[in-house]
Amino acid sequence: MQAQQQQAKNNAVPAGSRSPGAVSIKSPAQFQKSEELPKTESLFPARNENEVSFFQPPLQRKTGSGNSVPVFQFVRAANAGAWNAALALRTLQATNAQQQINTLVTNGLQLATTRAARGELANKQTLFRNTCESIRDGRMTLNVLTQSLSCHLTPHNYTEWAIGSLFYNRVPESARNGNLFFDSQVIYPNNGVNQAAAAGLDENHHNNFIRRGSEPAHTDGKQIRLFMPDGATWLNNNDILKTIIIHEGQHAIDRHDAALPGNFADERMADVGPNQTYGDVANRYKTEFRAYWLGEKPGGNFGSSTKRAKNNRRPETIDRDDAMGVSFISSATSFQNERQENIFWHLVDTSYKWVETNYAESEKFRTMVDAYSEPTGGNLLNSTRIDHYAQQLNFNKGSIVRMAAAPKAGQRAAFLNQLKGLRGTFLPLAIALDDNDRAFLSSPELSQPFWRFFDAVFPDLGDEHLNTYHQKTKTALKRNMNID
């Protein structure tokens, strides 16, 4: 009994770090008496009344063609705790995955940074540290998700085991596809899981998340979701994990959505594809291009920006004016460098078919893509400091406009006091920028979207004091000097 109690204590989720509804991980012995889950016998057929069946996570085997396919192991246990023992293992795997990523991010905060030359982007180590700082400071959130146990309850041969609809219909469709994950409510630096979500028998549970497709991660606004499915190549490869986090971090911090206030977006272009599903394809393309340029290709690279593009492949799409659907529209490419070209084709060849459609059909989109040979952005460093500064610019935009009107209304004293307060807000933020932040902001090519946004906040308002402050502030952001 003491050994069982010690085992349960060792497996417990740390107090104060659980999601809403989370419970401590129990040992298999404790689970045998648990009433927290549906009756095991109603979920799985058995050869006799004393047996329970469940499926272990799939193994991988090689086919004759050399491809790996999942092999589901059918396991029988002679006690009613088999399901709960499997669930205990699944929750433990989830908390281990959370801790693995938490440790990766925490260690990333200690990485040394190298100053980039003016006009050059920071190296990967600096980018990862910056991304970790932005996660720590809440500029973005990081959610690590594991496949629910129900994803592994689909046998490869239903007839052989006589499973039938009694069992299979209890598994949600998203789990049958391997895309039901948990725990969506736990973000860095917390650990913990909700047990019902870990089981995955109700895909509508608020701690479950349904992944669309097979992506290793995606970003929704400021939230990064990192998926950790069993057997994925990136699970234990820190270099690939860093690449993914840098990539998604750029999406979260580049303010590319033109519909939101305080954005760094360029000119919008409407999707010309069927049903115009993808909205603003210009800024959607540029955020993907930036993220891949910064984060590289997981497990590989996109080549050199100094090597000329080959331009030996043509994007094409079905001609929708052809009623028979057998004609295609295609266009020659005019890429400038190898890296630009390889990122474009990576997008086309994966899950971004709208890129090819818009390139082939829209001259405006095609011209934009060809000219976008290297990334520009408001925050190509994933810097928490630049993001904080941009946030305050957007927050104070209305106040700056009102300040300019004060002298005209004879409220000179009030204007000067407001200007002093503005210095008190932005001076500490400017001083907090590090050398890489300043090198980036000093490059008019790389940081052009930031300065377009900055100048929109400080338009020429006809006041000498405010216009002088505007110019001094720009200089202070690039050099470590006082704004006064």
query = Hey, N179 hits all of (1) touching a strand residue (DSSP E or B) at 6+ places or on another chain (Cβ under 7 Å); (2) of a type outside the set (D, E, K, R); (3) modelled with pLDDT of 95 or more but one; which does it fall short on?
reply = (3)
ask   = Pairs under 7 Å by beta carbon, first residue part of a loop (DSSP other than H, G, I, E, B) in the range 247-268, partner β-branched (V, I, T), six or more apart or different chains?
value = D254/T287; H256/T287
inquiry  = Quick test of your reading of the structure: E363 fulfils all but one of (1) closer than 28 Å to L121 by Cα; (2) without any contact (Cβ under 8 Å) to a residue 40 or more places away in the chain. Name the failing condition by number.
reply    = (1)
query = Out of the residues in the range 253-278 that are among the aliphatic types (A, V, I, L, M) and surrounded by fewer than 24 Cβ atoms within 10 Å (Cβ to Cβ), which is nearest to G295 (Cα to Cα)?
reply = A265
task = Any residue in the range 189-203 that's within 17 Å of R176 (Cα to Cα): show its pairings with residues that are part of a helix (DSSP H, G or I) and among the β-branched types (V, I, T) at Cβ separation under 9 Å, as long as the two are six or more apart or on different chains.
result = A198/T91
note = For helices (runs of 4 or more DSSP H) lying entirely in the range 320-396, having 2 or more residues that are at pLDDT below 95 and charged (D, E, K, R) picks out 353-361
inquiry  = Out of D280, D271, I need the residue that is of a type outside the set (V, I, T) and under 22 Å from the mean Cα position of the chain (by Cα). Which one?
reply    = D280
task = Pairs only if they're at least six apart or on different chains, beta carbon under 7 angstrom, first in the range 126-153 and farther than 30 Å from N204 by Cβ, second modelled with pLDDT of 95 or more and basic (K, R); list them, first residue then second.
result = F128/K242
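The values are calculated or read from the model by the stated rules, or taken from the named source; none is laboratory data. What you see is a predicted model, and the numbers here were worked out from it, not measured in a lab. Reconstructed Cβ throughout: ideal geometry from the backbone, glycine too, with neighbour counts over all protein chains shown.
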